[in-house]
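Enquirer: Below is one structure. I have some questions about it.
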Amino acid sequence: MTTVTTGKDPRQTDALAFEAPRAEDLAALLVGHERPPRPSALSASLTFGWRAMLKIKHVPEQLFDVTAFPIMMVLMYTYLFGGALAGSVSSYIQFLLPGILVMSVVMITMYTGVSVNTDIEKGVFDRFRTLPIWRPAPMVGYLLGDVVRYLIASAVMLTVGMIIGYRPEGGVAGVLLGVALLLVFAFSFSWVWTMFGLLLRSEKSVMGVSMMVIFPLTFLSNVFVDPRTMPGWLQAFVNNSPVTHLATSVRELMAGNWPAADIAWSLGWSVALVAVFGAVTMRLYNRK
């Protein structure tokens, strides 16, 4: 039997058969195919919103401020001031709950700025800015993710309020309208904190400045008492506060009324907040 020798190792022949393609071939392959379409503004924003939800999934302790904190606020203020201000807890809760709902949601909006500042410190924002997406998408995504937090806080507080005696005369429709208006305002108000999140150097600074703004706005309002019992100079401030207009709107909507003037003021404040602080936020974001 005769063996024919070619002078080449068969293993070398197999290796040549699986030789990596040349760079020219790869370039031709890429040119021959179209690039995937650029994501739309809505798609990019929802993706970043989903990212915020995943962060909550992996760190569920973030929900403490929208679960335990609202419960504590409702119970503490109801039983602390109910008898002194309204004569009974059942009477005071009808006035207090919509106001304390507004106060709690407005207070937790500051965590949007804290999240933005944290991502900046970690260097994540540098990657976001290099992506071929709608420029405001990361910021809008933060706010969309926080809307879910506001919904959870609203549901928790309304549930606790119903248990201790709150009865909205406006029914389900009135409650939904009140919560919807609150979410619109909270979304707009959060742009203030995105600006501070980009502007300040640390998350502690963001929280400190946020408290300096939020506490006067929420406590100097009609959340706890009727402004008519206040001194005249204080009434002038309280009656023109955005939190007062919002609390009155939510309170009246849940009671089955339609406070057109206060609703208009609340929506007007929302538009103004987005127009001013949204523009400043994007200017800072582009320069960061």
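Enquirer: Does VAL156 satisfy the condition of being closer than 23 Å to THR218 by Cα, touching a residue at least 12 places away in the same chain (Cβ under 8 Å), surrounded by fewer than 19 Cβ atoms within 10 Å (Cβ to Cβ) and of a type in the set (A, V, I, L, M)?
Expert: Spelling it out, it is not the case that VAL156 is closer than 23 Å to THR218 by Cα, touching a residue at least 12 places away in the same chain (Cβ under 8 Å), surrounded by fewer than 19 Cβ atoms within 10 Å (Cβ to Cβ) and of a type in the set (A, V, I, L, M).
Enquirer: Identify, from the list THR248, THR229, the residue that is more than 25 Å from THR194 (Cα to Cα) and open to solvent by 50 Å² or more (accessible area, probe 1.4 Å).
Expert: Answer to the selection: THR229.
Enquirer: To continue, here is another question. Those residues that are modelled with pLDDT under 90, closer than 29 Å to LEU181 by Cα and over 20 Å from the mean Cα position of the chain (by Cα), I need them from the stretch 89-135; list them, please.
Expert: Answer for the stretch 89-135, where residues must be modelled with pLDDT under 90, closer than 29 Å to LEU181 by Cα and over 20 Å from the mean Cα position of the chain (by Cα): VAL89, SER90, SER91.
Enquirer: Just to verify a result, which residue in the stretch 191-226, among those that are buried (at least 17 other Cβ atoms within 10 Å of the Cβ), closer than 27 Å to PRO136 by Cα and polar (S, T, N, Q), is nearest to the chain's Cα centre (by Cα)?
Expert: THR194
Enquirer: Then there's this: For the stretch 180-197, which residues satisfy the criterion of being under 9 Å from THR281 (Cα atoms) and of a type in the set (A, V, I, L, M)?
Expert: Within the stretch 180-197, VAL192, MET195 qualify.
Enquirer: State whether the residues of the stretch 119-133 include one that is among the small types (Gly, Ala, Ser), out of contact with any Lys or Arg (no Cβ under 8 Å at 6 or more places or on another chain) and open to solvent by less than 10 Å² (accessible area, probe 1.4 Å).
Expert: The answer is no; no qualifying residue exists.
Enquirer: Residues to consider are SER104, SER91; find the one that is open to solvent by 40 Å² or more (accessible area, probe 1.4 Å), in a helix (DSSP H, G or I) and small (Gly, Ala, Ser).
Expert: SER91
Enquirer: Name the single residue, out of those in the stretch 63-88 being free of Cβ contacts under 8 Å to residues at least 24 places away in the same chain and surrounded by 14 or more Cβ atoms within 10 Å (Cβ to Cβ), that is nearest to ARG135 (Cα to Cα).
Expert: Within the stretch 63-88, the match that is nearest to ARG135 (Cα to Cα) is GLY82.
The values are calculated or read from the model by the stated rules, or taken from the named source; none is laboratory data. Since we're looking at a predicted model, the values are computed, not measured. Here the Cβ is made from the backbone with ideal geometry for all residues, glycine too, and neighbour counts use every protein chain on show. To get the accessible areas, we keep the full protein, side chains included, count just its heavy atoms, and leave off ligands, DNA and RNA. Shrake-Rupley method; radii C 1.70, N 1.55, O 1.52, S 1.80 Å.
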